[in-house]
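These notes concern the structure reproduced below.
The values are calculated or read from the model by the stated rules, or taken from the named source; none is laboratory data. Everything numeric here is computed off the predicted structure, so don't read it as measured data. Neighbour counts are summed over all protein chains in view; Cβ atoms, including those assigned to glycine, are modelled from backbone coordinates with ideal geometry. Areas reflect the complete protein model, heavy atoms only, side chains present, ligands, DNA and RNA absent. Shrake-Rupley method; radii C 1.70, N 1.55, O 1.52, S 1.80 Å.
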Amino acid sequence: MAIRFAVRRTNRDSRLNSEPRSRGSLLGRIALIGAALALVVAIGGFFAIKAWVTPQLPSVESLHEIRLGVPLRVYTRDGKLIGEFGAERREPLRYEQLPKPLVQAFLAAEDDRFFEHAGVDVAGLARAAVILATTGEKRQGGSTITMQLARNVFLSNERSFTRKFKEIFLARKIETELSKEAILELYLNRIFLGNRAYGVGAAASVYYGREVAKLSLGEMALIAGLPKAPSRDNPLNNPVRAKNRRDYVLRRMHDLGYIDDSAWKAATAEPITAFEHAATVDVEGRYVAEMVRAELFARHGEATYTDGYVVTTTLDSQRQQAATAALRGGLLAYEERHGFNGAEAKLPDPVRSLLAGNPAAPEVLAQLAARPPVAGLLPSAVLGYTPELLRVITENGIVELPKKAFAWAGFSDKRQPAVGDIVRVARIGSDWRLTQVPAVQGALVALDPRDGSVQSLVGGYDFFLGNFNRVTQARRQVGSGFKPFLYTAALSKGFTPASIFLDAPVVFTSSVNPDDDWRPGNYEGKFRGPMRLREALALSRNLVSVRVAQAVGIEYTRQFATRFGFEKARLPADLTVALGSASMTPMEQARAYAVLANGGFLVDPYFIDSIRDGSGREIFHARPKRACPACDAPPPAAPEPTLDPVTGAVIAAAPAPATPAEPSEPLVPEEDRAPRVLSADLDYLITSMLHDVVTRGTAPQVKALGRNDLAGKTGTSNDETDAWFNGYSSSLVGVAWVGFDQPKPLGKGEVGGRAAVPMWIDYMKTALKGVPQQPHPKPPGLTEIAINPATGKLVSGDTPGALYEIVQSDHVPPPDDGVSPYGNPDDASADIF
């Protein structure tokens, strides 16, 4: 029994020992089968997902056409940048232009196995999967540089498995189509790096104002640390987080062997010096750049900012720089004539207390930095003042101004700067000078009268003080600047420069209310009696102009003025039109005076010369209508034989016809000619009269330019609210205006000859440098005669006191009879003409 028991026990133990092995083997087989099934499912799922996703991916061709959003860039005619516009700032670089440490910094921060994997980092994806399995959270992870490029170019930032699968397959597709270097080039040019900067080139400009090749290692590492959180971690928003992220990138570079210990320590010790740098320009021409932006947006919409349009304007860079300097200098001169307006602001007391011990304390400099420079006028804080010396601190250090640098301010014991006052200073040449941001404004525009191309345009003191363009948008009373068009209308009616009009008081009564009587007067309140038209225009006599308008007719004057581009409806239908009560923009004035400058043709101002699209293809080229005086010049008269004055017999045969002279400029094709609106003889006469304005009239300062081919007219509106000068040569028209944006008097004596003419002269010194003098040629139909200046009538050339005058050949005045047409010049009741 015992033996059988033992045997049975042994058999039972044997069965017991074999059962676990059988179960383990079965479980193993089940696990193996399950794994195989899972693999099959995974593979099937992979191909199913691939089959679903692949049709949604961009085509291979589109991968080759990946385009960067490139901003609109605006240039002068000679290739100087004046403006850049884009929702994104981009400065694309080729791979060869990328510094090696910069590339290494991005690899260390984003994808150190970039040159090893095929677009997808399986280990990174596995980490993301583990996070999902252990936490249930879907987190971004395992994104290689190629996958980031795929997302940035074609996909959204949505966090989902669908997007992740698309990233994976698109990354693989990119890797098969593009080289690693090409992928890196695209990535580093497209990645968003905060503050509108897309790409490393733009980021270097935005944060450091330099090219990438000139960045330090620490600066490169800071930029490389931005893709993770470009808005949160950028140095402008959070310098501390930016530094921490930069140091992480540097540590990774060190761990990967990209940099040694000394480079690591030196770069980590670099301070955070980044601040926002505006897009730099070669020439200050932002008013024109804005005009271009508005024009292109009207044509191309939002594509204006992304499609890489390149616009070449008609501006000449040297003339534009001269215009900017002239306008700013003129407005600052006005400010100095009218005294110091007081401190711009005061430092807060806690900050002001630091000036005695540490004037360059960060708190002080931060207060100054909050007031950015305005057209070169730097903010500064007053450190001390004596009648002989003014000490200030600027962001560049302490500046000491001698008395001559601030004498214009008129400081006194009761009115002097205090410690902590914020004032403006400017460097003029090698010297510093106290200044202030002008409250007054101005505009200056210059056209080539031959085709209307804008050579210079400055719409205000500083575009960043407000982009209101006073050249094209400010309608202001033109004052006496309208008189040349009135006088030209008179010439067209048969009056001549020798015609006599009365400069004497006149009253226009109102039949309704005596208080509405109009008593026009001259600027200085004096009267000169009978005057020739030439003299009256040179001296800008208002009462003569009123009488000229009466003689010509208001309706005729308004209609005639439309020849110069003015809208009739905007010209007052009363005698005030004679004194320039109409309001025009400086651009409208420049166009009108261009007619006088070019020989009588109405041209259209334009400022865009050509436009190229992002591929460099020219899609627009200006074809302006051009003035062509030689095109309609009458042929020379045929030579005539010499006749006997008594018998009429031929004494000598007619000489051979002279060979016609070649025109100074090629003739303009008929379809490109601007319309003639003024005859050559009238144009010559009015220009000769306006030449007297700049030699012996209201703008004699123009003689300082030393040229004999200039003409122009000053203008001053009521109460000296607007000051103008409209001047020209045959090749350049310039209009200068000074006034307040909210109209108010400029101050006694601030007439066109004082406030605007100096600005115009300063501009023309540069603009006409090297330009040959070109006086208007005398056309047929005019006759030079000797006149009695008191009567305007014809006398012989040897008559004592006779003056020579040019008049229309068909309007030669009668012989002088010694009788003034007005009797006693002091008789205000004399004939109004």
**OP:** For region 341-354, just list the computed ³J(HN,Hα) in residue order, Karplus coefficients 6.51, -1.76 and 1.60, θ = phi - 60°, integers in Hz, with x standing in for Gly and Pro.
**Re:** 8, x, 4, 5, 6, 10, 5, x, 3, x, 7, 4, 5, 7
Original post:
With θ set to phi - 60° and the Karplus curve 6.51 cos²θ - 1.76 cosθ + 1.60, what are the ³J(HN,Hα) couplings of region 760-766 in order, to the nearest whole Hz, using x for Gly and Pro?
Top reply: 5, 5, 4, 5, 5, 4, 8
Subject >> Charge sum, other residues only, whose C-beta stays under 10 Å from G342's C-beta, Lys/Arg counted +1 and Asp/Glu -1 >> reply: -1
Subject >> Nonlocal amide H pairs with I428, under 5 Å, H built at 1.01 Å >> reply: R433
Subject >> Protein-only accessible surface order, largest first, of D307, D762 at 1.4 Å >> reply: D762, D307
**OP:** Could I get the Rg over Rh figure for region 296-358? Both from C-alpha atoms, Rh via Kirkwood, rounded to two places.
**Re:** 1.29
Subject >> Ratio of the Cα radius of gyration of region 713-794 to 2.2 N^0.38 Å, where N counts its residues >> reply: 1.51
Original post:
Where does each of 355-361, 529-535 land if you order them by average Cβ count within 10 Å, highest first?
Top reply: 529-535, 355-361
Original post:
Once the convex hull of the C-alpha atoms of region 186-225 is built, how many Å³ does it hold per residue, rounded to a whole number?
Top reply: 58 Å³
Original post:
Of the listed peptides 207-218, 722-733, what is their order by residue-averaged count of other C-beta atoms within 10 Å, with the highest listed first?
Top reply: 722-733, 207-218
Original post:
For region 76-88, what does the Karplus curve 6.51 cos²θ - 1.76 cosθ + 1.60, with θ = phi - 60°, yield as ³J(HN,Hα) per residue in whole Hz, taken in order and with x for Gly and Pro?
Top reply: 6, 4, 9, x, 9, 6, 10, x, 9, 9, x, 5, 10
Original post:
Which net charge results when you count Lys and Arg as +1 and Asp and Glu as -1 among the other residues whose beta-carbon is under 15 Å from that of F560?
Top reply: +4
Original post:
On alpha-carbon atoms, Rg over Rh for region 352-443 using Kirkwood Rh?
Top reply: 0.96
Subject >> For region 690-724 and region 497-544, distance of Cα centres in Å >> reply: 20 Å
Original post:
Given the protein chains as shown and a 1.4 Å probe, how many square angstrom of E567 are accessible, to the nearest 10?
Top reply: 100 Å²
